[in-house]
Structure formats: structure tokens, C-alpha cells
Amino acid sequence: MADASFHAFVKELFAGLGPVQIKRMFGGAGGYADGVMFLLIGDDTIHIKVDDALKVELREAGSGPFEWTPKNGPRAGETIDLGYWRLPESALDDPDEAVAWGRKALDVARAKQKATKPKRAAFKSADATATRKKKR
């Protein structure tokens, strides 16, 4: 499938989650719902965001991780698990199953996003305090 038609397929497959946006990035694309990236598309394969519990479920469903091996740079030749696992084959033909997996992945992505926000907020707060002190 060409990128555009596969992206349309992904949007339709996960339509039960509400509007899904696909944004191109690097050699693939990311899938977003409510502004949160919960899936990764590479080589016409859908990978969903995971945590340890979801990895177990996906492994039982016959899935595996999306791994990337950089060809150059400081991590060249190292296999890196990016935290996304392949959507089970059975979900590709079953929108209800795909949406169920998508909800789980979206919950994981939201939890991970929420866990990183306090760090950013603390940094901004410290920055604002430093700025106020400079103005005095």
C-alpha cells in the first residue's frame, strides 16, 4: 500500500477512538488521538505504545516489539526498543479489536505524557523564579 492509502486505512481502523491524525516523521509516521501519539507506522506496519503490562498482553497475542538499529552515530549497530509493539494481525481486519488495543495504547501514552509534564512544569517554574530574581 502506498503511504497515503495506508494512512487512510489506519485512520479508518481506529475511527472508534475519534479523529486520528497521522503525521509524517523520520522514515514513517505517528498516529495521534487528542494530540497524544499512541501509534507508530513504519513499513506499512502499525505499532502501538506499550508499557510492561501491555507488552505481556501483546506477546500473548503473538506480537513483538518495534526495534530500530541505527546505521551511524553513537548508537550505531545497537538494537533499540522504542516502546512500541506491532498491532496483532487479527486486529487489522477487526476495527473493534483495533480500537480496544488503541484505547490501551492511548492510556499508556497519556500516562507517560502525564509523568513527564511535572518535570517540564518544575523546570518552567524554576526558570520563572530565576527571571523574577534577575528583575529585582
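Every number here is computed from the coordinates shown, using simple stated rules; none is lab data. Note that the coordinates shown come from a computational prediction; the quantities given were computed from them, not determined experimentally. Cβ sites come from the backbone with ideal geometry, for glycine too, and all protein chains shown count toward neighbours.
Fully extended, how many nm does the chain gain between residue 89 and residue 4 (0.36 nm per residue separation, minus their Cα-Cα distance)?
Details: separation 85, 0.36 × 85 = 30.60 nm, distance 2.05 nm.
In short, 28.5 nm is gained.
For the stretch 16-110, which chymotrypsin sites (Phe, Trp or Tyr not before Pro) are in a loop by DSSP, counting at most 10 other Cβ atoms within 10 Å?
Details: sites: 26, 32, 38, 66, 68, 84, 85, 101; in loops: 26.
Here the chymotrypsin sites (Phe, Trp or Tyr not before Pro) that fit, given the DSSP loop and packing criteria, are 26.
Calculate, in whole percent, how much of the Cα-Cα pair population of the stretch 1-120 lies beyond 18 Å. Working shown, then result.
Details: 3685 of 7140 pairs.
That tail contains 52 percent of the Cα-Cα pairs.
Convert 10 °C to kelvin, take the viscosity as 1.306 mPa s, use the Kirkwood radius over C-alpha pairs of the stretch 26-81 as Rh, and evaluate the Stokes-Einstein diffusion coefficient in µm²/s, rounded to a whole number.
Rounded to a whole number, D works out at 124 µm²/s.
Using the basic label-point model (7 angstrom from Cα toward the beta carbon), what is the residue 79 to residue 51 distance in nanometres?
Those two pseudo-labels are separated by 2.6 nm.
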